Amino acid sequence: MLLIACPNCGKRPETEFRCGGQAHIARPADPMAVDDGGWSEHLFVRANPKGVHAERWCHIHGCGRWFNALRDTISDRFVETYPIGEQPKSGVKPGTILGPNSATQSETRA
Amino acid sequence: MAQPFRLSRGGRVDRTRPIVFEFNGKPVHGYAGDTVASALLANGIHLVGRSFKYHRPRGILSHGPDEPSALLSVDRGPGRIDPNNRASVVEARSGLRTTSQNHWPSLDFDVGAVNDLLSPVFVAGFYYKTFMWPRKFWDRVYEPFIRAAAGLGKAPTEADPDRYANRHAHCDVLIVGAGPAGLAAALAAARTGKRVILADEGPEPGGSLLHDTTAQIDGRPAATWLAETLADLDGRENVILLPRTTAFGYYNHNHVAMTERVSDHLPSSATPGPRERLWQVRAGEVVLAGGSHERPLVFADNDRPGILLAESVRVFINRYGVAPGRKLVFATSGASAYQAAIDARDAGLDVTLVDLRLEADCGPELAQLRAAGADVLTGHTVVGSKGRKRVTGLIVAPVGSDGRCGGRRILPCDCVGMSGGWTPAVHLFSQSRGKLRYDESIDAFVPSISAQAERSAGAARGTYDLAACLADGFAAGAAAAGSDARQDFTATATFTGFQPVRIMPTDANPTKVRAFVDYQNDVTAKDIKLAVREGFQSIEHVKRYTTTGMATDQGKTSNMNALGIVAGQLDKALPAVGTTTFRPPYTPVTFGALVGPARHALFDPIRTTPIHEWAEAHGALFENVALWRRAWYFPKNGEDLHAAVARECKAVREGVGIFDASTLGKIEIVGRDAAEFMNRLYINPWTKLAPGRCRYGLMLKEDGYILDDGVVARVSDECFHVTTTTGGAARVLGHMEDYLQTEWPELEVFLTSTTEQWAVIALQGPKARAVIAPLVDGIDLSPEAFPHMAMRTGTICGVPTRLFRVSFTGELGFEINVPADHARAVWEAVFESGQAHGITPYGTETMHVLRAEKGYIIVGQETDGTVTPDDVGMAGMIPKAKKDFVGKRSLARPDVVATGRKQLVGLMTDDPKLVLDEGAQIVADTNQPIPMRMLGHVTSSYWSANCGRSIALALVEGGRERMNGQLFVTTPDGFTRVTVCEPVFFDVQGERINA
Amino acid sequence: MLETRYRAARALPLGAQTRSAPTGSGVSVRPAGAEARFSLRARLAKGAAPKLAGLALDAPINTVGTDGEVWLARLGPDEWLIGGPEADADLLQGRFHDALAGVPHSLVDVSHRNVGIDVSGRQAAAVLNAGCPLDLSETAFPPGSATRTLLGKSEIVLIRASAAPLYRVECWRSFSTYVHGLLNEAVFGVEGPAAH
């Protein structure tokens, strides 16, 4: 069970959360202006990287707030969590593969 | 009582507390502190089971959790039967009944032992090779045969009467294993004041110190140091010491699962607590100090009862005061067995030691053992053993530097202690996804790169010397607690070092002998070699093909030998072969521990409404809807479902019915931008809906498919009372919050679930108004003042209400929302008032029929996540002027605007009495070849008492184009003909609703 | 008054449930009586946070404050759960609305949605940890803590107002049978030898 740092509540067990898939996919301001190809891209096409991935999570059984997270899909390490509408601060790019002893080695350490 | 092999002194058993338990129906005497294995050995019982495949006689190999052979069924009373218990870890106590497994008719005379004679047939991959053909034999012949012949114990047939507890726990430092390294780690961590949990699988913490009777630590006997250390830890508030607790799974982010065996060791009468407790520990740091496992030697017939691991012989002698034999032969390729031999000599036993190593390669252990008066044969191999149900001799031979064996010689004995070196227990480390490294100097894989906040200490990482273990453990414990404290210990030097050996050199034809690698799954060295010859090169494939390491012991004793043999066959170095994957659990875990309290009423929450007890008292039957239990129908005088529903349906349309709709999801939407928010989420327009009016709302996902529906009332300009489907309540609220928080944070809107604040009493039928009129205050109920799809606030029976005039039946209807704790009183008052009007309680089944008569859809029944508003004929609800709402863009997707989509229609069977099956497929032509082209399926189908015939709703390709056309629907017997119609069967004009 | 009469007549879902203090662990699991409760959602402007019953709305998330009668638990950036005496329900609602004038908010009566269960005794935290995955130690969940979390398969709000080993578990009405049953089973679960 993962330990996830909610920006409001701190580290909480995974069971309190719901994952909302890839982050930073904004709903187009005028969906009717998007062509079929663009709309299908928006609806259905998602990244599935090996390595760091930007995801949406909701602390559904806690503060109830959505937030973003960078998670390494190989090790399940979280690089950082950050508010909706903001960009990650760590500078780690999605798709990066973290080494075994990276600074974000453990959720429980630190 | 006589325990002929109990030594006259020594051991940690309590000789003042005798116990007696049963083994195969006969009493076995022992002492408190014994395991079942040690008590059996004290009574000279070595034969305790038959092997899995060949039914060979098997005995006790080990003293610990790695025991592969001595698997017993343990009976602690009715329903309390567990198969496959390792005799070496079951604490003996009076009242236990143990039985050996895998034999018929008896342990002594087992018919299945004929398999041993047929062993040339049962080679690696035997099942795959033999049971392939003919195909139809599999179900009737092969599988039953395999299941009958190859079972490992029998599952209990009664429900488990025990209770199991669950505990989430947190600590700064979790230490797994309370041997020397773990104890030292605990000391160091505890002194920092950090929260420490120290877990050990044994009944008594101490690990090897419990049987190390000669070592000194810091000038004191090891046992004294142990007692002092435990007293120190016990006195600290910040330390939780958990004996009988096995850490079996190491999961993400330092989440470690452990089972604590709370009461199995206690007399049955004195068990106030649960049987076991599952600890789910979240640790800041973990120290793995789980020790190491001894390797057996692989030689012909190395599996006879009486052949044990050398260290286990030492444990039985020193810890339990039991001699596993009188005349012992130790066979080894390393130093540690010498200590066992010395201790055996000290216990007065006859000892010979055979060492594969040459005299020059031995350390000080050699001289010490000789000084103790034992014969030592260095440079000797073991080529076989004698005996059948008990070893009677070991066949040894000198082996030259060229590997050739000299003349054989039989060493008569009644017990053998063998040692092929040591394997660190890296199971939990590997589960944590740490990377192993092969250390050639100790011929073992050891922890290398950590993936989580953990570190290994002591023998678990190949540090075998006692003083080094203590120092290593202390440093690990300190570091885990954030301290750089170090402590040196002085301790008696430990005999370490061994010469790796995969298969003992032999002069026998290797294809003729059976030298067991995996005792529990009966895998021999020959099998593994055969697998490699047949082309299996990956160790994971060899494992599955031969089943080595796949038994309940997960290959604790066998994996390194198997790896070594594969590496040798492939002529590769060990690290190039790698290891198989270590997976939880480390040792078997009871289902009860995993389930914990989640049984019976606590398996899932059973949600009930405030009306539930009333419905029960009035004979309702219930159905599950999501987690809710809803009244299904109210049979009277022995009615069946059909009769009761027919009566309830007619009663609603002819008089009045009362229905508990409390489970409907409800959301209070409040804020300046509430209407705008509603506009964006629903296909419908909300801006102009006047306060006090209701509207049916339909909500889509962004992909254009229907998500949920429900009636919405505008309470005020800035407040909406939204209802959702019963099952969709949480989903809809989550959907709304998601858009509000992540897409439209600028909207000033707040959402609150009121599902359980408001209970809902639905009153439906022409007489509904008359029933509530005497009870309602402050609301004009006249049709003019209170039309269909309106909402008024007032009181009913003095209780504040939001009274909706809505209908899910097509009749005049009210839904009375009252605060939940008052609902029962209001319900009873309404029911009382309704007596004069023949009020009839009805359940969900009648609700379904009535709405189907009107063609009202149910989300999840008429829709399945691929249905658009137009598919169900609701596109007209979408205002042309609405520029955007969630899902709108998708309604213009090419596949959504395409012709030929499935559309909602009604179906009428030629035979009015025939009720179609829901889910039945629909075709145009029954004469077409199979597979037929399916046009859709029946979504709802009922007998309608009000229509006097069956009715059905269906999704049919191009359905609206097929009006009045004929189609065919599958039935259990074939097909039946139906006519397509509008999806309305009753009061087509819709006049009754406005009564 | 009519209002007072119906308030007094609330039929609580755990009304019939009583359990005497069990032996051994000494933990008591007791359904609370009828209480008034409100769910407050509000968007606080920077700097000026109003007070309700003397309790600041801008207290840290996951804390609870009480004036002895009214308690106010901040569950998230814009969400509070407020409890108070049943008899004061209407009074409180009016006062809160006044105090919140000018602040965008939603104050919803959830008195009947929520059910309270008090868990007290030396081993209370261990009992809760049978189903609650949070660290309830003095440092991690000190007096004055409140949060939404899980108890087994039910969502709860867990409130620890004071230094006493007394916890309030708030759950939704239809989950109360389950939550109450799980807590009682958990009391049994901390019994036995080597109780920790």
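Taking 0.36 nm per residue of sequence separation and subtracting the Cα-Cα distance, how much length would be gained by fully extending the chain between B:D987 and B:V595, in nm to one decimal?
135.9 nm
Based on alpha-carbon positions alone, could you give the equivalent ellipsoid semi-axes of segment B:509-582 from the gyration tensor, as √(5λ), descending, whole Å?
16, 16, 10
Could you sort out which of B:K526/B:K572; B:K666/C:K153; B:K666/B:K767 sit more than 25 Å apart by Cα distance in this structure?
B:K666/B:K767
Using mean Cβ contacts within 10 Å as the protection proxy, how do B:455-463, C:91-99, B:247-255 order, highest first? Walk me through the numbers before you get to the answer.
Working: B:455-463: 27.9, C:91-99: 15.1, B:247-255: 22.6.
Highest mean packing first, the order is B:455-463, B:247-255, C:91-99.
Distances over 14 Å make up what percent of all Cα-Cα pairs in segment A:3-83?
So the portion of pairs separated by more than 14 Å is 65 percent.
Along each principal axis of its Cα atoms, how long is segment B:161-291 end to end? Whole angstroms, biggest number first, please.
50, 38, 26
Quick check: Cα centre of segment B:194-256 to Cα centre of segment B:500-534, how many Å?
Between the Cα centre of segment B:194-256 and that of segment B:500-534, the gap is 38 Å.
What GluC sites (Glu not before Pro) in segment B:599-677 are in a loop by DSSP, with at most 16 other Cβ atoms within 10 Å of the Cβ?
Counting only loop positions with at most 16 other Cβ atoms within 10 Å, the GluC sites (Glu not before Pro) in segment B:599-677 are B:E639.
Take the solvent-accessible surface of the protein heavy atoms, probe 1.4 Å, and return the percent of it on segment C:77-164 that carbon and sulfur atoms account for. Each step should come with its number before you reach the end.
On the way: 1490 of 2710 Å².
That fraction is 55 percent.
If you take the C-alpha gyration tensor of segment B:761-859, multiply each eigenvalue by 5 and take the square root, what semi-axes do you get, largest first, in whole Å?
21, 16, 13
Tell me, what does the Kirkwood hydrodynamic radius of the protein assembly as shown come to in angstroms if you use every pair of distinct C-alpha atoms?
After inverting the mean inverse Cα-Cα distance, the result is 35.4 Å.
For B:G794, what residues show an amide H to amide H distance below 5 Å, using hydrogens built from the backbone and excluding near sequence neighbours?
Correct list: B:T801, B:L803.
From the square roots a ≥ b ≥ c of the eigenvalues of the alpha-carbon gyration tensor of segment B:300-448, which class results: rounded (a/c under 1.5), prolate (a/b over b/c), or oblate?
The shape class here is prolate.
So between B:D895 and B:A159, what do we pick up on full extension, going 0.36 nm a residue minus the alpha carbon distance? Write out the running numbers ahead of the final one.
Numbers: separation 736, 0.36 × 736 = 264.96 nm, distance 5.27 nm.
That pair, B:D895 and B:A159, stretches by 259.7 nm at full extension.
I'd like the FRET efficiency for B:A508 and B:R370, computed as 1/(1 + (r/R0)^6) with the beta carbon distance as r and R0 of 45 Å, rounded to 0.05.
Numbers: r = 30 Å, r/R0 = 0.67.
With R0 = 45 Å, the Cβ-Cβ based efficiency is 0.90.
Rank B:V313, C:V103 by accessible area, highest first, at a 1.4 Å probe radius?
C:V103, B:V313
Quick one: dipole size for the protein assembly as shown, taken about the Cα centre, charges +1 on Lys/Arg Cβ and -1 on Asp/Glu Cβ, in debye to the nearest 20.
Rounded to the nearest 20 debye, it is 2160 debye.
Between B:V20 and B:A493, take the C-beta separation as r, use R0 = 41 Å, and let me know the FRET efficiency to the nearest 0.05. Don't jump to the answer; show the numbers that get you there.
Values: r = 42 Å, r/R0 = 1.01.
Plugging the Cβ-Cβ distance into 1/(1 + (r/R0)^6) gives 0.50.
Using only DSSP helix segments of four residues or longer, with each worth -39500 (n - 2.57), what per-residue ellipticity at 222 nm results for chain C after dividing by its residue count and rounding to 500?
The helix contribution divided over chain C gives -5500 deg cm²/dmol.
Given points 7 Å out from each Cα along the Cα-Cβ axis, report the B:N637 to B:V111 separation in nanometres with one decimal.
About 6.2 nm separates the two model spin labels.
Taking R0 as 45 Å, what FRET efficiency do you get between A:R18 and B:D780 from their Cβ-Cβ distance, rounded to the nearest 0.05?
0.50
Just how large is the dipole of segment B:839-899 about the Cα centre, in debye to the nearest 20, putting +1 at every Lys and Arg Cβ and -1 at every Asp and Glu Cβ?
Dipole of segment B:839-899, to the nearest 20 debye: 460 debye.
Let me know the shape class of segment B:787-909, please: from the alpha-carbon gyration tensor, a ≥ b ≥ c as square roots of the eigenvalues, rounded when a/c is under 1.5, otherwise prolate if a/b is greater than b/c, or oblate.
It comes out prolate by the Cα gyration axes.
Could you tell me how far the Cα centroid of segment B:398-431 sits from the Cα centroid of segment B:777-838, in Å?
Here the two parts' Cα centres lie 86 Å apart.
Could I have the simple spin-label model distance between B:M963 and B:I410, label points 7 Å from Cα toward Cβ, reported in nm to one decimal?
Once both label points are built, they end up 10.0 nm from each other.
Ranking request for peptides B:902-911, B:930-939, B:39-48: highest mean number of other beta-carbon atoms within 10 Å first, then the rest in descending order. It would help to have the intermediate numbers written out before the result.
Working: B:902-911: 20.2, B:930-939: 16.0, B:39-48: 25.2.
With the highest mean Cβ count within 10 Å placed first, the list reads B:39-48, B:902-911, B:930-939.
How many angstrom separate the Cα center of segment A:1-79 from the Cα center of segment C:135-196?
If we compute the Cα centre of each part, the gap is 30 Å.
Looking at the square roots a ≥ b ≥ c of the eigenvalues of the Cα gyration tensor of segment B:492-643, which shape do they give, rounded for a/c under 1.5, prolate if a/b is larger than b/c, or oblate?
Because a/c hits 1.5 or more and a/b exceeds b/c, segment B:492-643 counts as prolate.
Hey, what's the Cα Rg ratio for chain C versus the globular rule of thumb, 2.2 N^0.38 Å? Mind showing how you got there, number by number?
Numbers: Rg = 17.2 Å, N = 196, 2.2 N^0.38 = 16.3 Å.
Compactness ratio reported: 1.05.
Enumerate the calculated ³J(HN,Hα) couplings along segment C:132-139 in order (Karplus 6.51 cos²θ - 1.76 cosθ + 1.60, θ = phi - 60°), each rounded to whole Hz, writing x wherever the residue is Gly or Pro.
With the stated coefficients, segment C:132-139 comes to 9, x, 7, 7, 9, 5, 4, 7 Hz.
Just add up the charged neighbours of B:V396: K/R +1, D/E -1, any other residue whose Cβ is under 9 Å from the Cβ of B:V396. List each step's numbers first, then the result.
On the way: positive: B:R408, B:R409; negative: none.
Every neighbour counted, the sum reads +2.
In vacuo Debye scattering of segment B:14-126, one point per C-alpha: log10 I(q)/I(0) at q = 0.23 Å⁻¹?
-1.26
For segment B:660-841, just the Cα set please: Rg and Dmax, both in angstrom.
16.6, 54
Size of the dipole of chain B about the Cα centre, Lys and Arg at +1 and Asp and Glu at -1 on the beta carbon, nothing else charged, in debye to 20?
The dipole of chain B has a size of about 2200 debye.
Starting from the Kirkwood radius over alpha-carbon pairs of chain B, derive D by Stokes-Einstein at 25 °C in a medium of 0.890 mPa s and give it in µm² s⁻¹.
Here the translational diffusion coefficient equals 72 µm²/s.
The values are calculated or read from the model by the stated rules, or taken from the named source; none is laboratory data. Since the structure is predicted, the reported quantities are computational estimates derived from the model, not experimental observations. Ideal geometry is used to build each Cβ from the backbone, glycine not excepted, and the neighbour counts take in all protein chains shown. Keep in mind that these areas ignore ligands, DNA and RNA; they rest on the heavy atoms of the full protein, side chains included. Shrake-Rupley method; radii C 1.70, N 1.55, O 1.52, S 1.80 Å.
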